[in-house]
1. Per residue and in Å³, how big is the convex hull formed by the alpha-carbon atoms of the chain?
2. If packing is taken as the average count of other Cβ atoms within 10 Å, what order do 32-38, 375-381 fall into, highest mean first?
3. Put a dot 7 Å past each Cα toward the Cβ at residue 128 and residue 331; how far apart are the dots in nm?
4. Could you tell me which of 337, 213, 271 has its Cα farthest along the dipole of the stretch 200-341 towards the positive end, charges placed at Cβ (Lys, Arg +1; Asp, Glu -1), taken about the Cα centre?
5. Take the Cβ-Cβ distance between residue 249 and residue 399 as r, set R0 to 56 Å, and report the resulting FRET efficiency rounded to the nearest 0.05.
6. Residue 359: net charge of surrounding residues, Cβ under 12 Å, Lys/Arg +1, Asp/Glu -1, itself excluded?
7. In what sequence, highest mean first, do 142-154, 385-397 appear when ranked by Cβ atoms within 10 angstrom?
8. Taking K and R as +1 and D and E as -1, what net charge do the other residues with C-beta under 13 Å from the C-beta of residue 148 add up to?
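Computed from the coordinates by the stated procedures, all read-outs in this text should not be read as laboratory data. Note that the structure is predicted; figures quoted are calculated from it, not measured. Reconstructed Cβ throughout: ideal geometry from the backbone, glycine too, with neighbour counts over all protein chains shown.
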Amino acid sequence: MLSVEQACTRILSHFQPVASESIPLSQAANRILAQDIIAADDLPLFDNSSMDGFALRAEDSSSAAPASRVTLRVVADIPAGSSPTIPLAPGEAARIMTGAPLPQGANAVVPVEDTDFNNRDAGSAPPREVQITRALKPGENVRPRGMDVTTGDVVLHKGSHINAQAAGILAMLGYARVEVHRKPHVALMSSGDELLPVDAPLAPGKIRDSNSYMLAALIESTGADLLRLGIARDTRESVTGLLEQAAEQHVDLIISSAGVSVGAYDFVKEVIESNGALDFWRVNMRPGKPLAFGNYRNIPFIGLPGNPVSAFVGFEVFVRETIGRLSGLSNGGRYTVRVRCGEEIRSDGRESYLRATIHEQDGVYTATLTGHQGSGNLLSLVQADALLIIPAGVKCVPAGEEVNAWLI
Ligand code: AMP
Ligand code: MG
């Protein structure tokens, strides 16, 4: 049976980033860059003040102290958005606001708190003179042009996620449009005669189709466009009918849950085999062993297990990175952290993913398991904020030892 790593490598080898498109920055949040972002400007764009105060020549303030104030003539007022015209001569200052350009000749800004000027009302006129109560170092409270970014710097790399910070700097650099990968198109199908839509009345032997909602939320969290195929009955015709809809829509990936084990009614596997290919259908892990990979009419297909927790774990282990690859993302889109086990953890030697909460104890992130770890027990996953990863071959992790974890 394939290990998790072998299965992952095998799946990912079938995926390339989807095509790119140019879109307005206003629509680019959470997309993946298909271009390197090169600065055409310095950031900051010009020397500017980091404080509301008075721009001055630092030399002029060298003898200033609370008991021996230095008086400077205020020759200009520089609000943010204005451009100073007169240079400062020795003995002169200019009232200046945060973000406003420094006048020529000035090399420091004294905060208004370190002056005798205490009229801070909006709209107040600048004083004719200002008294400085302390010495300023050259460069103090000045944000020099280019301190953050120099023209020509690569600020963001192709394959990076446009998060809020990235959107901000793209705007700072004037990228009104950006080249990003289009959203991958992912179809989702549930399968099983026991499944009812969430709004249908319950009937004997039936359960509600929860995987559709959980997996839809996971797929949408990757930024992909979702095609909901609904519930396939346990017949060849029903499974084929829904998968055919995905093929007609030319989706990039089909995700299904259930029907890929060894049950007498597990038709999904069989339909994949006869309309495409089944690469593998089991992975040595827990939960989530019945996990299938193949294609339906050349569209990649990942069949997750039916049990809700197995489906979730299978998604996190195999699908998140796969959609990331399709989206053009250059990293796996997830961070592994080290946590301390707050209790002894037993495993059966398969690579295992256990539900836990993380809390801080003596300054260390410490994990506690959240109740029943059965693959159908969704509540303990709801209560968890991490999956602990117990490597293959490990049967016992003593309390106090560290393991890898994914925050979920
Ligand atoms: P199967 O893979 O078809 O043998 O299903 C394994 C288990 O997962 C069974 O207990 C199913 O009832 C359950 N299951 C399958 N699909 C879903 C679903 N969409 N929502 C909730 N439970 C499911
Ligand atoms: Mg079934």
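1. 205 Å³
2. 32-38, 375-381
3. 6.0 nm
4. Towards the positive end, the residue furthest out is 337.
5. Rounded to the nearest 0.05, the efficiency is 0.65.
6. Overall, the nearby charge balance is -2.
7. The packing order, highest mean first, is 385-397, 142-154.
8. Working: positive: 143, 145; negative: 41, 42, 47, 153.
For residues surrounding residue 148, the net value is -2.
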